[in-house]
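Report on the structure given below.
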Amino acid sequence: MDKDSSDLVMSMIHARSSQLADGDPIGPPIVTTAKYKLSGTPDTPYTYGRDINPTVEATEAAIQALEQAPTVAFPSGMAAITAALMATTKAGDRVLVPSDGYYVTRVLLEDILSGHDIRFDAIPTKDIATADLTPYSVVWLETPSNPGLDLCSIRSISETAKSSDATVVVDNTTLTPLLQRPLDLGADMVVSSDTKAMAGHSDCLYGHIATRDEALFQKAWKWRKVSGSIPDPFASFLVHRGLMTLELRLQRMCTNAAALVDHLDGQPAIRELKYPGVGFVIGLTFSSEALAERFIDDCPAIFASTSFGGIHTSAERRARWGDDVADGFVRLSVGCEPTGALIKAIETTLETL
Ligand SMILES: *Cc1c(COP(=O)(O)O)cnc(C)c1O
């Protein structure tokens, strides 16, 4: 981890300390209330539970310390993505999205937002850098893309987008702000599904947007308030707790992933291995759907499940959701298990295929 990241983790872990008086709890209390005491002229920020909640605010402060940008939390990644599109688009606009990115973002555009006169084009991540960006009000990036793990340069695309006044939004779910900071690379807004590595324990859904653009921040905040998409305090508590070990978890997950890549590359059962060189997600292509399913089912160190970024190693065949990948393509999300034991379990299973 570079020095910058250490500073971010320090400020996140200690985000609460400056506000605490003697006797205050170190961890954020779970505050469950729809209403706050509010008499006369409402001159407190705490008015109603749909607008604001102290547990949500504590989690936003922790994420904000990582993003180094004003942050709004949402009850899921898709709720954050919806807010980001609501904040950045209007009728008549055109959005460029990666055809190999998280597919529900495209479903939202195609099935819902197209009916509100917001159009989109989808092209592969690797082609975005050379595409003509002038028709677009929003350029949506996801690098590495999910599940294909292709890359694009946030910095150079943001520069190109600026010349035509397009807003650049980056879905940074797969790397988190500790491994990639899109706002420092020129993007206007970050969205994330914190359901994944940020919360890390696969026990709740969450999401956030972060932006240093005051107008975009206000629009996203307003969207949350009027659409009623504030996260609940229990999930906020779980995410806050998970964030406290984000750096530790990522270290183990990335070490495990790199070690696995070394051991798996060249294994006869695997036709192609894809690893972007950073992070904890590995793409493995087996020669058939059957072989891929056997690998996932037979390996005792792998949970067969969708999603990624949790403490448990998990895997799935993405073609089952209709992703544009080979039938034998498996997305392996590497977890926090002890490195040697994980490699041994996976290698042993591969030998039986
Ligand atoms: C999972 C995911 C989402 C959606 O997040 P939810 O929390 O499941 O709503 C969005 N983008 C990416 C890249 C994801 O992996």
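What is the percent carbon and sulfur in the accessible area of the chain, measuring with a 1.4 Å probe over the protein chains and ignoring ligands?
In the chain, the share of accessible area belonging to carbon and sulfur is 53 percent.
Separation of region 311-353 and region 243-297 by C-alpha centroid, Å?
6 Å
Rounded to the nearest 0.05, what FRET efficiency is calculated for His263 and Leu179 with R0 set to 22 Å and r the Cβ-Cβ distance?
With a Förster radius of 22 Å, E is 0.50.
Take the Cα atoms of the chain, find their three principal axes, and give me the spread along each one in whole Å, biggest first.
73, 53, 36
Starting with the highest mean, order 260-266, 83-89, 313-319, 104-110 by the number of other Cβ atoms within 10 Å, averaged over the residues of each peptide.
83-89, 313-319, 104-110, 260-266
With every protein chain present, what accessible area does Arg94 have (1.4 Å probe, heavy atoms only), rounded to the nearest 10 Å²?
About 80 Å², rounded to the nearest 10.
Between region 103-161 and region 16-50, what is the separation of their alpha carbon centroids in Å?
Distance between centres, Cα-based: 39 Å.
Give the shape of region 168-299 as rounded, prolate or oblate, defined through the alpha-carbon gyration tensor: a ≥ b ≥ c are the square roots of its eigenvalues, a/c under 1.5 means rounded, and otherwise the shape is prolate if a/b is larger than b/c and oblate if not.
Cα axes put region 168-299 in the prolate bin.
Figure the gain on full extension for Ser305 and Lys126 (residue separation times 0.36 nm, minus the Cα-Cα span) and round it to one decimal in nm.
My answer for the length gained is 61.7 nm.
With the crude spin-label approximation of a point 7 Å out along Cα→Cβ, what separation in nm comes out for Val107 versus Met10?
4.4 nm
Run the count for the chain, please: Lys pairs, Cα-Cα under 22 angstrom, 8 or more apart or on different chains.
Lysine pairs, 8 or more places apart or on different chains, close enough: 12.
Taking the solvent-accessible surface of protein heavy atoms with a 1.4 Å probe, what is the per residue accessible area of the chain in Å²?
Ligands and nucleic acids excluded, the result is 44 Å² per residue.
Go through 276-288, 205-217 and give me the packing order, highest mean Cβ count within 10 Å leading.
The most tightly packed comes first, giving 205-217, 276-288.
The values are calculated or read from the model by the stated rules, or taken from the named source; none is laboratory data. Bear in mind the structure is a predicted one, so any value in this text is a computation, not a measurement. Ideal geometry is used to build each Cβ from the backbone, glycine not excepted, and the neighbour counts take in all protein chains shown. Keep in mind that these areas ignore ligands, DNA and RNA; they rest on the heavy atoms of the full protein, side chains included. Shrake-Rupley method; radii C 1.70, N 1.55, O 1.52, S 1.80 Å.
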